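Worksheet: the structure to be examined is printed underneath.
The values are calculated or read from the model by the stated rules, or taken from the named source; none is laboratory data. Computed from a prediction, not measured in an experiment: that's the story for all the values here. As a convention, Cβ positions derive from the backbone with ideal geometry for all residues, glycine included, and neighbour counts pool all protein chains shown.
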Amino acid sequence: MKLGVYTAVLHDRSLREALETIASLGLEGAEINAGGFLPTPHLPVKELLSGEVSPQEYLKVFDDTGVSIAGLNCNGNPLHADPEVGPEDAEDLRNAIKVAGLLGVDRVVTMSGLPAAHAGGQWPAWHVNTWDSGYLDSLDYQWDQVAVPFWKEIDALARENGVKVAIEMHPQNLVFNPPTLARLVEKTGATNVGAEMDPSHLFWQGIDPVAAVDWLGDLVFHAAAKDTRINENCKIYGVLDDRFTRIPADQNPTGLGGKHVVNKWPEDSAWDFVAVGRGHDVDFWSRFLAALQRVDPDMAVNIEHEDVELGQLEGLQVAARTLKDAASAVASR
């Protein structure tokens, strides 16, 4: 397995400095942002596509530091009905696939997206408890009229460029669990679309990530190392905790495209994203890595650091230590 870091947490550093940080942690891979929700300070997308920067020029810093590219990331909502969001995120994904092909990178991570509830709608609608027949009518529209045509196009583009697109199963998306991932592949007849296994979003849904890997099998293309801690307050608020509040504009909330921004997390939260090892122990992570290894012994597993209780480097150090201990446990079996 190739253990690495998704470099979004290191966007305040140059690419070389980010890669040197990864190497100092004893890790060997870097997943680089290529568009979507976040900017691309570590990847000159337009310059690579135009030929202004050659793949050889860009890749030299990886050769120099001994850290290789372990995938591109383009998480966003390519199906968003807002004309300032959906089309741009969709084009970012297309460009990420093309750049990956140029660089010889065979994995692009993204999200499936979420359309409006019906034609002409303005806001994404997530239907997950479809007891009312109208919700199923809406899902038929979202899947068959919006998602399937788009993802057929993306699958063909990925195939053309020698790339596999790994979808993060993320709530507030059509694909948010193993069955919806399998549904997308079945409905599109995809050959180059599969799953990125990020345990963090599965934990709070009550899904066992190891069982999910075994169930999906060779549809698992890529993996993230990100943990979730279920807090005592979950007994009252549940996992569908809606107590988010707006962040004042003068505090510069993180943008999500167009006029959309991230809201403030509840202070007494039901659950939190934490560094690898702070939600689940080495035993879990060794079982997770072993499950991934059964699918693909060379699979990339990249740390995604979103633990607000730990600093930038501290969180990466905690995660790297846990992940390396888990890998050693797998190797010794």
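Could we say that Lys98 is under 25 Å from Ser200 (Cβ atoms) and of a type in the set (Lys, Arg) here?
Against the criterion (under 25 Å from Ser200 (Cβ atoms) and of a type in the set (Lys, Arg)), Lys98 does not qualify.
For the list (1) touching a residue at least 40 places away in the same chain (Cβ under 8 Å); (2) surrounded by fewer than 17 Cβ atoms within 10 Å (Cβ to Cβ); (3) over 27 Å from Asp89 (Cβ atoms), I need the number of the one condition that Leu49 fails.
With (1) touching a residue at least 40 places away in the same chain (Cβ under 8 Å); (2) surrounded by fewer than 17 Cβ atoms within 10 Å (Cβ to Cβ); (3) over 27 Å from Asp89 (Cβ atoms) applied to Leu49, the lone miss is (3).
Please specify each residue of segment 15-46 satisfying the condition of being out of contact with any helix residue (DSSP H, G or I) (no Cβ under 7 Å at 6 or more places or on another chain), part of a helix (DSSP H, G or I) and surrounded by 14 or more Cβ atoms within 10 Å (Cβ to Cβ).
Across segment 15-46, the qualifying residue is only Ile22.
Looking at Val128, Val148, which is the one that is outside any loop (DSSP other than H, G, I, E, B), in contact (Cβ under 8 Å) with a residue 24 or more places away in the chain and surrounded by fewer than 20 Cβ atoms within 10 Å (Cβ to Cβ)?
Val148
Going by what's in this entry, would Gly206 be described as part of a loop (DSSP other than H, G, I, E, B) and surrounded by fewer than 15 Cβ atoms within 10 Å (Cβ to Cβ)?
Considered against the rule, which asks whether it is part of a loop (DSSP other than H, G, I, E, B) and surrounded by fewer than 15 Cβ atoms within 10 Å (Cβ to Cβ), Gly206 comes out as yes.
Across segment 185-203, what is the total count of residues that are surrounded by 23 or more Cβ atoms within 10 Å (Cβ to Cβ) and over 24 Å from Lys324 (Cα atoms)?
Number of matching residues: 2.
Restricting to segment 171-181, and then to whatever is within 17 Å of the chain's Cα centre (by Cα) and not β-branched (Val, Ile, Thr), can you tell me which residue is surrounded by the most Cβ atoms within 10 Å (Cβ to Cβ)?
Leu181
Of the residues in segment 256-267, how many are without any contact (Cβ under 8 Å) to a residue 40 or more places away in the chain and closer than 23 Å to Leu79 by Cα?
The number of residues fulfilling the criteria is 3.
Taking interchain pairs and intrachain pairs at least six residues apart, which have beta carbon atoms under 6 angstrom, with the first residue in segment 203-217 and within 15 Å of Val239 (Cα to Cα) and the second at pLDDT below 95 and among the aliphatic types (A, V, I, L, M)?
Trp204/Val239
If you go through segment 49-74 one residue at a time, how many are at negative phi and outside any strand (DSSP E or B)?
Looking only at that region, the number is 18.
Regarding segment 113-123, can at least one residue be identified that is farther than 27 Å from Pro44 by Cβ, surrounded by fewer than 19 Cβ atoms within 10 Å (Cβ to Cβ) and aromatic (Phe, Trp, Tyr)?
yes
I'm trying to understand the selection: among the residues of segment 152-170, which are part of a helix (DSSP H, G or I) and surrounded by fewer than 19 Cβ atoms within 10 Å (Cβ to Cβ)?
Across segment 152-170, the qualifying residues are Lys152, Glu153, Ala156, Leu157, Arg159, Glu160.
Output the residues belonging to segment 305-333 that are surrounded by 22 or more Cβ atoms within 10 Å (Cβ to Cβ) and either part of a loop (DSSP other than H, G, I, E, B) or out of contact with any His (no Cβ under 7 Å at 6 or more places or on another chain) (or both).
Listed by number, the residues that qualify are His305, Asp307, Ala320, Thr322, Leu323, Ala326.
For segment 191-203, enumerate the residues that are in a strand (DSSP E or B) and either modelled with pLDDT under 95 or over 10 Å from the mean Cα position of the chain (by Cα) (or both).
Val193, Gly194
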